[in-house]
Structure formats: structure tokens, C-alpha cells
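Every number in this text was worked out from the coordinates using simple rules, so none of it is lab data. Remember, it's a predicted structure, so these values are computed and weren't measured experimentally. Please note: Cβ atoms are built from the backbone with ideal geometry, for glycine as well, and neighbour counts cover all protein chains shown.
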Amino acid sequence: MSSPANSLGGTAYDVLRAEILAGHLAPGQKLRPSALRGQYDLGLTPIREALMRLTSEGLATFTERRGATVRAATLDEFRELMDTRRDVETICLSRAIARGDDAWEADILRAHHLLTRARLPGTDDDPQTATDWETAHRQFHFALVSACGSTWHLDFWNTLADHSERYRRLRLREVQSSLPDVEEMNAQHENIMKAVIDRDPARACNLMSDHLAGTERFVVNLFENRTMGDPA
């Protein structure tokens, strides 16, 4: 069940965006303003404005026949998304390692510390813990690339991270039951951090590519066993 708007906070856009990224508004789900108003206690005009913005960002789609829907999740899109994410991540990470200063290193260390303290959800019905972990995870990955020196690259990185999050949430729901998977994920984060702090771009980029490939393999396997929404 989706969280009420007053627990999510923020504008209609903030609420609906968070619900889409978390998977509470599922891929392919119709976004009827009247239904969203009752579900989240939001005004119709803010909802319509939010849907226009989400459509422009690619998180929702709109057709005259179906109206607004959550962007469908497909295997082909996911593979293309991850290929692009690896390319952009490599560029941003290499530039950040070349340009980053001591304050940047401190931000990485802090973000990694907070990520290691974030709990993974113990059950599927624990959305707040999942959101808290995802926030810490996103902040760690952003800290790594934040010194790349290009606003355009970081904007594109954030867009790709948004779309990746919809798929990665599937792994987060499943990984809770496997301690070895959790330990491996934590080790990958630590190894990436060490390579970045050591200013070793080749090793850092290789480790990051392996890290992203692991998520890709996991989600691809899930695709084989579930339907994630019809193409919009």
C-alpha cells in the first residue's frame, strides 16, 4: 500500500516521483488525477502539473488513448539504461578522481559511513527502511562523482540514477533474504571507495562497472519470473 502524502511530505511532484521510484506506483499503472487525489490527499491542479513534469522527465508517459501512466519497465530498456549508466559513470568517476580535493574525499568517507549504518528492510512491508537505505546509497554514489566538474554530466547522471532506481528497488526487495549478497554488496562499495581515495581511476572504474553489472544480472533474472508492466 502506498504511503499517504502527509507522510512523504513535499509537493505533489515530490510525492508522486517518490512513489514511482519506490515502485508503489507500479510500471504501466494508470495515473488518474481523480484517483491520485483520493489516494494522496492532493489537489487536482498540482497533480496535473506534477504529471506533466514527470512525463517530461520520462518517469511517466502520456497518450490520448490511455492518459498518463507510469513508464513501463522492460528488459530491453533496462539493458540499454545500464549500458548508458556505465558509460556516464566512467566519465564522471574518472573526472572526479582527477579533480577532487580533500573535502571531496571527506564527503565520500562520510557518505560511505552513513551507508554502512543504513539498515536493509527486513520484510517486503517496510517501505521507510527501504527508502532510507536507497537515500544513503544514492548519496554515496553521487559523492563519488560529485567532483567531476561538469553540471551537464551530473544532470545526466542524476537522470540515469532516477531511472535505475526503479529497477534497483527490485533487487533491494530480494536481497534482504540473502546475507552473502548483502556482504558482497557492502564489500563492493568499500572497494570502490578505496580505489577512488587511492586515485586509481582504472581500478575504480572497473570495480564500478562490475558493481553495476551485478545489479543488472540480478534484475535480468527477476525479469524472467515476473511481469513488470506493459509497454506504454
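Assuming 0.36 nm per residue, please report the length gained on full extension of the stretch residue 63 to residue 128 beyond their Cα-Cα distance.
Working: separation 65, 0.36 × 65 = 23.40 nm, distance 3.25 nm.
Separation in residues times 0.36 nm, less the Cα-Cα distance, equals 20.2 nm.
Can you work out the FRET efficiency for the pair residue 210 and residue 80, with r the C-beta to C-beta distance and R0 = 22 Å, to the nearest 0.05?
So the FRET efficiency works out to roughly 0.70.
For the stretch 40-174, what is the convex hull volume of its Cα atoms per residue in Å³?
On the way: hull volume 20.1 nm³, N = 135.
Roughly 149 Å³ of hull volume per residue.
Ranking request for peptides 131-140, 18-27: highest mean number of other beta-carbon atoms within 10 Å first, then the rest in descending order.
Details: 131-140: 18.0, 18-27: 20.4.
Top of the packing list down: 18-27, 131-140.
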